[in-house]
Amino acid sequence: MSKTKLDVIQPGDDRDLYSGLIRLHVLHHAAQEPIFGLGMVEELARHGYRISPGTLYPLLHALEKKGYLLSSQQRQGKSMRKVYRATPLGKKALRAAKSKVRELFHELIEAKS
């Protein structure tokens, strides 16, 4: 049975904490080069996130609807593949998010526990 919820490889029920990180990860890669769904599923898996295509594709569509991504059809052999690229708005949002992530990273890493 296919999973439709975000399934992050972490104990407990803290999957919702990672959804924003996944969106940023997708946006980062789309700003670097064109991306496609299955490739992003594999890339996210390399970073410890298990996400099904049934979860990723709505995420890609939502980012496109917000104006962060733009999709186009690209021929892949005999078939067509939908690829996504970051828009100028997406790149601007990514720059702003990087600043916030950097600040949070320093607080989390440098904090005395």
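Throughout, read-outs are computed from the coordinates displayed, never taken from laboratory work. All of these numbers come straight from a predicted model, not from anything done at the bench. FYI the Cβ positions are ideal-geometry reconstructions off the backbone, even for glycines, and counts take in every protein chain you see.
The residues V26, V101, when put in order of fewest to most other Cβ atoms within 10 Å, stand as V101, V26.
Between H106 and L24, the C-beta separation translates, for a Förster distance of 22 Å, into a calculated FRET efficiency of about 0.85.
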